[in-house]
Amino acid sequence: MESTMTDWHIRKLDEVAEINPSRNELRNLRDDLLVSFVPMEVVDAELGAITQKRIRPFGEVKKGYKYFRDGDVIFARITPCLENGKCAIAENLQNGLGFGSTEFLVIRPSSAVLKEWVYHFLRQESVRQQAKQYYSGTVGQQRVQQDFLENQMIPVPSIQYQKECLKLINA
């Protein structure tokens, strides 16, 4: 694995990913379109994965739930889910669309970073510990705000190096 530190950049997460992307692309969807519904309890903290996707008509979930699509990373922002590591890559969603708990922050990686790179970065214990310093709200209902992720500094090597590192992680 050939790389030098000059190949790496440190960027704010919101420079390489969109945090809580706009819902504009949903404007023309039919209410009867089937989409995935992902409540917090179906994100497994140990596996770091969505273990079950429920199917709902778009009209039932278009308001009052967080929107995401295939390739987005969902990150629990509320206690104790954040500390437990509830974070997953949204994949194989019905019609590529998902809706879930408003306690998710949604990260949509740009072409500068792989979704798996962002996912593994956010799953680090050090990131979750740092998030605790940014809690707001009452005890038992504390959460981090979107700006915690926007300002999170993430290492960004070349895409090829990200792929090589991910191969080692998954080996």
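The values are calculated or read from the model by the stated rules, or taken from the named source; none is laboratory data. This one's a predicted model, so the numbers in the text were calculated from it and none came from an experiment. Glycine gets a Cβ as well: all are built from the backbone with ideal geometry, and neighbour counts include every protein chain shown. Keep in mind that these areas ignore ligands, DNA and RNA; they rest on the heavy atoms of the full protein, side chains included. Shrake-Rupley method; radii C 1.70, N 1.55, O 1.52, S 1.80 Å.
A few points about this structure:
- Filter pass, ARG56 being at pLDDT 95 or above and farther than 14 Å from LEU105 by Cα: yes
- Helices (runs of 4 or more DSSP H) contained in the range 79-171 and holding at least 2 residues basic (Lys, Arg) and open to solvent by 20 Å² or more (accessible area, probe 1.4 Å): 125-132, 159-170
- Residue match in the range 29-48 (condition: among the hydroxyl-bearing types (Ser, Thr, Tyr), surrounded by 14 or more Cβ atoms within 10 Å (Cβ to Cβ), at pLDDT 95 or above and part of a loop (DSSP other than H, G, I, E, B)): no
- Evaluated against (1) part of a helix (DSSP H, G or I); (2) touching a Pro at 6+ places or on another chain (Cβ under 9 Å), ILE10 falls short on exactly one condition, (1).
- Counted residues, the range 149-169 - those being closer than 23 Å to ALA76 by Cα and free of Cβ contacts under 8 Å to residues at least 60 places away in the same chain: 2
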